Each structure stands twice: as structure tokens, then as C-alpha cells.
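The values are calculated or read from the model by the stated rules, or taken from the named source; none is laboratory data. Bear in mind the structure is a predicted one, so any value in this text is a computation, not a measurement. In this analysis, Cβ positions are derived from the backbone assuming ideal geometry, glycine residues included, and neighbour counts consider all displayed protein chains.
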Amino acid sequence: MKNLTRLSVVGVMGSSHEPHRDRSWRVGEWVARAGYHLLTGGGTGVMAAVSEAFASVEDRLGIAIGIIPWSPEQGSGHPPRGYPNPWVEIAIKTHLEQVGVDGESALSRNHLNVLSSDVVVVLPGAEGTASEARLALRYGRPCVAYLNDRTDVPDLPPAIHVERTFERVEEFVNDMCSHN
């Protein structure tokens, strides 16, 4: 029987509009090289940029996972336009349609994003990103924000630690993943 080692899942949450390419690429490439799985919301912006960076690393162990919302506008069983992005390797399609300011609603996939992650990394974003940070606190998921300033995510909970240097984010994620 093959010896299977469970890889930790690093959830990366951020803007669905802006890619914040420098930060996203740094995180995505590192997650791949570190030997973790990547989990995002599977869409555009940060989700696409971090997934593209992750997928660009050859011979990685992990896979790019996307938790995909449902779109009532697109018809039964169809995700919104731009979902999943081209770099998602496993798309988990949901029946959950709430996003953005409704990110903590029972009908939001954000619960799955956070609960399926061993550790959460927050990149710049808006209401939906802030809701994922609040859910990380609610569900006891280790969470760190890789930002220039707290205002990069409006309404970021005060309990979420902000790191400005990537090396500190790396240390945090490695430490949290070593406990899984």
C-alpha cells in the first residue's frame, strides 16, 4: 500500500476584483514549494493570481482547490462567470450563492473556505475577505494577514495579526501546519 502523507491546506483569501499580483504570486509560489495544498474561492482577482502562481511551480506535491459559489443568474448548477479560474485543479461546486457583504450568511461558501483550511492567509480585499477573517476567528482557524496596513481589508477584526514581511507569514504558516 502506498504511504500517504496528509498535506496541510493553506487557504488564501483576498479580493475578487484586484489580483494584488506581487503578494499573490509570492504566497502562491511559496505554498506550492512548501508542499501544501492551496485553497481559494476559485474565482478572479487574488484567487486567480495566487492559483496561477501555485500552478506555475513544477513538481509540486499539492493541488489547487477552489470552493465555487452557485449563481442563480447562470441557471441551475452553474457558477458565476470567472468561476472556476483556469488554475483550479479541483473545483468543489456548491449550492451557496451569498458573497461579499453576505459572506457570513449560512448561504455563503466562505464557511467552507475557512473550515476546509488548516491555516488562513488574508491578502488585501473587501467585505468578503473581512468576513472570512471573522469566520476564521469564529471557527478557531489560525489566521494571519499579509498586508501593508490593516486598512487593506476594511473591517478586518482587531484579533487578526497583520504581518508586513513575507518571512513572518512563512513562519506563521509553517508553525501552524506543523501542529496538524
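So how many residues does the range 131-142 have that are touching a strand residue (DSSP E or B) at 6+ places or on another chain (Cβ under 6 Å) and closer than 11 Å to Pro157 by Cα? Reasoning before the result, please.
First, the residues of the range 131-142 that are touching a strand residue (DSSP E or B) at 6+ places or on another chain (Cβ under 6 Å): 132-133, 136, 141-142.
If we keep only those that are closer than 11 Å to Pro157 by Cα too, we end up with 132-133, 136.
Matching residues across the range 131-142 total 3.
Within the range 30-61, how many residues turn out to be under 14 Å from the mean Cα position of the chain (by Cα) and among the small types (Gly, Ala, Ser)?
Matching residues across the range 30-61 total 9.
Can you find, within the range 137-159, the residue that is surrounded by the fewest Cβ atoms within 10 Å (Cβ to Cβ) among those that are of a type in the set (A, V, I, L, M, F, W, C) and within 15 Å of Glu127 (Cα to Cα)? Write out each step before concluding.
Quick first cut of the range 137-159, residues of a type in the set (A, V, I, L, M, F, W, C) only: 137, 143-145, 147, 153, 156, 159.
Restricting the remaining residues to those that are within 15 Å of Glu127 (Cα to Cα) gives 145, 153, 156.
Numbers: Ala145: 26, Val153: 26, Leu156: 20.
The residue in question is Leu156.
Output the residues belonging to the range 129-180 that are acidic (Asp, Glu) and within 29 Å of Thr5 (Cβ to Cβ). Lay out the reasoning, then the answer.
So the first thing to find is which residues in the range 129-180 are acidic (Asp, Glu), and the list is 132, 149, 152, 155, 163, 167, 170-171, 175.
The answer is Glu132, Glu163, Glu167, Glu170, Glu171, Asp175.
Tell me which of these Arg26 doesn't satisfy, since it passes every other one: (1) in contact (Cβ under 8 Å) with a residue 40 or more places away in the chain; (2) outside any loop (DSSP other than H, G, I, E, B); (3) out of contact with any Phe, Trp or Tyr (no Cβ under 8 Å at 6 or more places or on another chain); (4) surrounded by fewer than 21 Cβ atoms within 10 Å (Cβ to Cβ).
(3)
Just checking, how many residues over the range 33-75 are of a type in the set (Asp, Glu) and under 22 Å from Glu97 (Cα atoms)?
Adding up the residues that qualify gives 1.
Going residue by residue through the range 37-53, is there one that turns out to be among the hydroxyl-bearing types (Ser, Thr, Tyr), at pLDDT 95 or above and assigned to a loop (DSSP other than H, G, I, E, B)?
First, pick out the residues of the range 37-53 that are among the hydroxyl-bearing types (Ser, Thr, Tyr): 40, 44, 51.
The next check asks that each one be at pLDDT 95 or above; those that pass are 40, 44, 51.
Now restrict to residues that are assigned to a loop (DSSP other than H, G, I, E, B): 44.
Yes, because at least one residue in the range 37-53 is among the hydroxyl-bearing types (Ser, Thr, Tyr), at pLDDT 95 or above and assigned to a loop (DSSP other than H, G, I, E, B).
Looking only at the range 102-130, count every residue that is over 18 Å from Gly28 (Cβ atoms), touching a strand residue (DSSP E or B) at 6+ places or on another chain (Cβ under 7 Å), buried (at least 21 other Cβ atoms within 10 Å of the Cβ) and not aliphatic (A, V, I, L, M) and tell me the total. Outline the logic, then answer.
Taking the range 102-130 as the starting set, the residues that turn out to be over 18 Å from Gly28 (Cβ atoms) are 102-112, 114-115, 126-128, 130.
Subsequent filtering for residues that are touching a strand residue (DSSP E or B) at 6+ places or on another chain (Cβ under 7 Å) retains 102, 105, 107-109, 112, 114.
In the following step, the residues that additionally are buried (at least 21 other Cβ atoms within 10 Å of the Cβ) were identified as 108-109, 114.
Next cut, not aliphatic (A, V, I, L, M) only: 108-109.
Residues that pass the stated criteria total 2.
Filter the range 69-101 for residues that are among the hydrophobic types (A, V, I, L, M, F, W, C) and surrounded by 18 or more Cβ atoms within 10 Å (Cβ to Cβ) and give the result.
Kept after step one, since they are among the hydrophobic types (A, V, I, L, M, F, W, C), are these residues of the range 69-101: 70, 87-88, 90-92, 96, 99, 101.
Passing the criteria: Trp70, Trp87, Val88, Leu96, Val99.
At pLDDT below 95, within 17 Å of Gly11 (Cα to Cα) and surrounded by 22 or more Cβ atoms within 10 Å (Cβ to Cβ): is that true of Gly66 in this structure?
Details: at pLDDT below 95: no; within 17 Å of Gly11 (Cα to Cα): yes; surrounded by 22 or more Cβ atoms within 10 Å (Cβ to Cβ): yes.
Taking the combined requirement at face value, the residue does not satisfy it.
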